[in-house]
Amino acid sequence: MARALVRLPVGVVLPGIPALMECEGATVAEVLADCIAQEPRLKNRIFRRDGTPWVGVVLNGCNVTTETELTPVEDGDEIRMLPLAGVC
């Protein structure tokens, strides 16, 4: 299992939740699940009820929002969450 740094944007972070978390997993989805296990209040701030993300998910600078289940993570990787642009 890899350890990754997860950067949370303004709007996701709540009082008592750090903007930078260290989480573990073999894939991006597992890392995000670990972050939610550490801080359950993040679940509704990251994911909609249907499980799709409210935020963009970026691994080492590459957008992986649609492939979070499959995207492998290595020690030291950085996952950033970014606000999604409005849909027209």
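The values are calculated or read from the model by the stated rules, or taken from the named source; none is laboratory data. In this text the structure is predicted, and so the values were computed from the model without any measurement. Here the Cβ is made from the backbone with ideal geometry for all residues, glycine too, and neighbour counts use every protein chain on show.
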**Message:** Looking at the range 1-27 only, could you name the residues that are modelled with pLDDT of 95 or more and among the aliphatic types (A, V, I, L, M)?
**Reply:** A2, A4, L5, V6, L20, M21, A26
**Fill in**
Of the residues in the range 23-52 that are under 9 Å from the mean Cα position of the chain (by Cα) and in contact (Cβ under 8 Å) with a residue 12 or more places away in the chain, the one that is nearest to V10 (Cα to Cα) is I46
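For the range 12-61, give me each residue that is in a strand (DSSP E or B) and out of contact with any Cys (no Cβ under 7 Å at 6 or more places or on another chain). Please lay out each step first, then the result.
Step one: filter the range 12-61 for residues in a strand (DSSP E or B), giving 20-25, 27, 47, 53, 55-59.
Residues satisfying the conditions are L20, E22, E24, G25, T27, F47, P53, V55, G56, V57, V58, L59.
Determine, yes or no, whether V55 is surrounded by 13 or more Cβ atoms within 10 Å (Cβ to Cβ) and either in contact (Cβ under 8 Å) with a residue 60 or more places away in the chain or in contact with a strand residue (DSSP E or B) (Cβ under 9 Å, 6 or more places away or on another chain) (or both).
yes
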**Message:** Given the criteria in contact (Cβ under 8 Å) with a residue 24 or more places away in the chain and either polar (S, T, N, Q) or loosely packed, with under 11 Cβ neighbours inside 10 Å (or both), does L70 qualify?
**Reply:** yes
**Message:** Among the residues of the range 64-74, are any assigned to a strand (DSSP E or B) and of a type in the set (A, V, I, L, M)?
**Reply:** no
